[in-house]
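Note sheet for the following structure.
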Amino acid sequence: MLIKNAWKLGSGIFFDKALRKKIIGLCFFSIMFEFTVVFFQYILSYWSNSFYTALQNFDKDALYNIMLQFCLLVVASVIIVAFRYTFQAKLAIVWRQWMTQFYIDKWLSHNAYFGINLLTNKNDNPDQRISDDVNSFIGLTISITLGFLNSVVTLMSFLFLLWKLSGDTKFNIFNLEINISGYFVWIAIIYSIIGTLVTYVIGKKLTFLDYARERREANFRFSLMRLRENSESIALYNGAEYEKSIFKDIFEKIVNNFHDIIKITRNLTSWNNLYFNFSNILPIAVTLPKFFAKEIQLGDLMQISSAFSQVHSALSFFINSFSMIASYKAAISRLLEFNTNVDMWNNKVESFTVNFIKSDKIELKNIEIYLPNGNALLPNIDLSFENGHSYLLTGENGAGKSTLCKVIGGIWPFAKGEINIMKKNEIFFIPQKIYMPFGLLKDVITYPLKNLEKEEQIKFLLKKFNISYLNDRLNQEELWSNTLSVGEQQKISIMRAIIANPKVLIMDESTSALTETDEQLIFSVLKELLKDVTIISVGHRGGLRDCHLHEIKIGA
């Protein structure tokens, strides 16, 4: 199941025509140099035999030659390791670049970044899943896969060597002579099986705890970020103590989770320490009887010890990689959950029961709007908006005015009916919450359009809206959501609409922070500069009625 899920998440790059040859080439060379490292270890085991045999025989000339061979082997080893790292690192960054772009596209398509929060509250911190989890998934996939292949090749290479070096071992039990071939191989297998079973029993809860740790750490970072983004409001509310209590509760969960991880990791580390320390002496201990019987030389003993360690290490792959596999399973679970939530939203969008028909104006026929829980919000709405006219949508709070705008915009799937509507690029929406991206002020004003040379028009509009003091700051880069007042931000949002020059402008309480004088100014400028534009506004102020030709009461 783990392999199936990993393939499901990361295999897409192998079917990308532009990257297929490159990624296959990087995989090939990464595997090749991994195998070369194993071959080097195999050669080194024979060097070890020659070295200790010459040492035992006090063969000075042979030792000098063997030391020279060692120097050459070290040089070769450095080159091999350098190439192995280079190809594996390039594989990781190319794969991450592709997979990150894939997940960003997936998150942004069909407005999933907005919709998944309507369907479930479990999709916590999608930004972390795209950045941290994708990176962890790729790094761990490469490490675990190549580590496993290394173990398989090592096992195949040294298993036969160890079997050959073991020879036949005879001993008597109850006057019964027993002859075992490959004695050291069987010891390595039995020892590794015992170690693997104990490791699994001790650390089986680590995957769940690692999943919870990442989630709680991300929630803590998000809470700190919310404090920064809403610092002014919190300060005016004197909410520092309240926020402190929230941080304390969230961090307490992190601490409790970490204590659980400490307990398991402590037991796992203690067992691994005992297991691997004992494995260092085990091959020598079982080989000593042959050595004392002078059946083998010191070089043979050391080569047997080396081969035993390699076989034992290969068979202990699960033990060596247990913590890594636990983190890997947690990363896969988080990415699969993210995919499930996005796919759930995409399926909802595809089953959107509102039929959109291209038209040169906006008409709503038999529209029924629902809440995400299925409860009806607005039944049987029939509206028609004449081109060039202005409409004010009024009604009680919660009546569904803003939701109706979202239905027209195609981002609220909980609705039925038919809408005749223009192309999306002919409609401009100004939401209740003004978004101010980080960057140059002139780019913030032209958002979401980019690469525009509109400086003269921007200065003209700043003057029109009585905020021309910002002329000198157009090329400054700041956190404008904190620098500008809400009223100034709303004026900028209106400027964006004028620069976009749409056929339909939908404004969701877009002047609520302005004085009535500024509000009158805004609509007079709109009528002057966007003469033929259809305006649909949501608002509560009585003065707005004078700024529109028609009033439509929603929920009445």
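Summary of the geometry: the range 133-164 and the range 10-84, compared by the centres of their Cα atoms, lie 14 Å apart. The calculated FRET efficiency for Y46 paired with I93, based on their beta-carbon distance and R0 = 41 Å, is about 0.65. Sites listed here are chymotrypsin sites (Phe, Trp or Tyr not before Pro) in the range 371-436 whose DSSP assignment is loop and whose Cβ has at most 14 other Cβ atoms within 10 Å: Y435. Applying the Kirkwood pairwise sum to the alpha-carbon positions of the range 355-553 produces a hydrodynamic radius of 17.6 angstrom.
Each part reduced to its alpha carbon centroid, the range 416-468 and the range 488-505 end up 4 Å apart. For the pairs K348/K406; K464/K553; K60/K294; K21/K90; K358/K454; K8/K263, flag any whose C-alpha to C-alpha distance is greater than 24 Å. Beyond 24 Å: K464/K553; K358/K454; K8/K263. Modelled label positions at S109 and K253, each set 7 Å beyond Cα in the direction of Cβ, lie 3.1 nm from each other. A dipole drawn for the chain from +1 and -1 charges on Cβ atoms has a positive end, and of N501, S131, L162 the residue lying farthest that way is L162.
Here the label points at N230 and Q520, each 7 Å from Cα along the C-beta direction, are separated by 3.6 nm in the simple model. Rg and Dmax of the chain, based on Cα coordinates, read 34.7, 113 Å. Between A513 and N375, the simple spin-label model (points 7 angstrom out along Cα→Cβ) gives 3.0 nm. When peptides 494-502, 200-208 are ranked by their average number of other Cβ atoms within 10 Å per residue, the highest-first order is 494-502, 200-208.
Only the coordinates and a few stated rules stand behind these numbers; no lab work does. Remember, predicted model here, so these are calculated numbers, not experimental data. Positions of Cβ are generated from backbone atoms using ideal geometry, with glycine treated the same way; all protein chains shown enter the neighbour counts.
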